[in-house]
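Okay, structure first, notes after.
The values are calculated or read from the model by the stated rules, or taken from the named source; none is laboratory data. Everything numeric here is computed off the predicted structure, so don't read it as measured data. Glycine gets a Cβ as well: all are built from the backbone with ideal geometry, and neighbour counts include every protein chain shown. Protein only, heavy atoms only, side chains kept; ligands, DNA and RNA dropped before computing areas. Shrake-Rupley method; radii C 1.70, N 1.55, O 1.52, S 1.80 Å.
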Amino acid sequence: MNRQDYFAKKELNKQTRVDAGLVSDRFPGVSGIVIQMIYYRKLANPVHMIRTINFFPTSYAYFNMECMMKECVDGGFDLAQVISSLIKKHKKLVKGKMVCKGEGESLASHHASISYEINIQYSKQSK
Ligand SMILES: [Zn+2]
């Protein structure tokens, strides 16, 4: 990917984020979302990385986590479905695993995966 493509992609990502809307608009009654994920890379020496991401009512409701492999195209871990169904059921916690479906010339089809834990906090006035 050349520099220009890189910046074009970054801009696109920013736009997608804005288009996703705010947490307070998409999920009124939610006061916070915490995503904890462990990112695994399938290599000779498997590396893992732990990330905690906090969302507030003023954050963009954009839950597509990037795959950290540079060569990966259209990859990532989209937790939007998981989160919206969790909120629909008014549940507080979910755990699961996801495999990156992105592709790249030198990448194996299961080059990366995450295991995640999502916590939702609801504001008191909602049921
Ligand atoms: Zn990937």
Here the residues within region 70-105 that are within 12 Å of the ligand (Cβ to nearest atom), open to solvent by less than 90 Å² (accessible area, probe 1.4 Å) and in a loop (DSSP other than H, G, I, E, B) are Glu71, Cys72, Gly75, Gly76, Cys100, Gly102, Gly104
Can Ala108 be described as more than 12 Å from the chain's Cα centre (by Cα), within 16 Å of the ligand (Cβ to nearest atom), crowded, with 16+ Cβ neighbours inside 10 Å and among the hydrophobic types (A, V, I, L, M, F, W, C)?
no
Pro46 within 16 Å of the ligand (Cβ to nearest atom), more than 22 Å from Tyr6 (Cα to Cα) and not acidic (Asp, Glu):
yes
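Considering each residue of region 22-76, count those that are of a type in the set (Lys, Arg) and under 11 Å from the mean Cα position of the chain (by Cα), and give that number.
The total comes to 1.
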Out of region 2-17, which residues are loosely packed, with under 11 Cβ neighbours inside 10 Å and aliphatic (A, V, I, L, M)?
Leu12
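Which one is farthest from the ligand (Cβ to nearest atom) among residues in region 55-69 that are open to solvent by 80 Å² or more (accessible area, probe 1.4 Å) and more than 21 Å from Lys9 (Cβ to Cβ)?
Start the filter on region 55-69 by keeping residues that are open to solvent by 80 Å² or more (accessible area, probe 1.4 Å), which leaves 56, 58, 60, 66.
Narrowing the set further to residues that are more than 21 Å from Lys9 (Cβ to Cβ) leaves 56, 58.
Values: Phe56: 27, Thr58: 29 Å.
Going through the qualifying residues, I end up with Thr58.
Which residue is most open to solvent (accessible area, probe 1.4 Å), if the candidates are limited to region 30-54 and must be over 19 Å from Lys97 (Cβ atoms) and at pLDDT 95 or above?
We begin by selecting, within region 30-54, every residue over 19 Å from Lys97 (Cβ atoms); these are 30-32, 44-45, 54.
Filter once more, keeping what is at pLDDT 95 or above: 30-32, 54.
On the way: Val30: 9, Ser31: 51, Gly32: 4, Asn54: 82 Å².
Per the stated criteria, the residue is Asn54.
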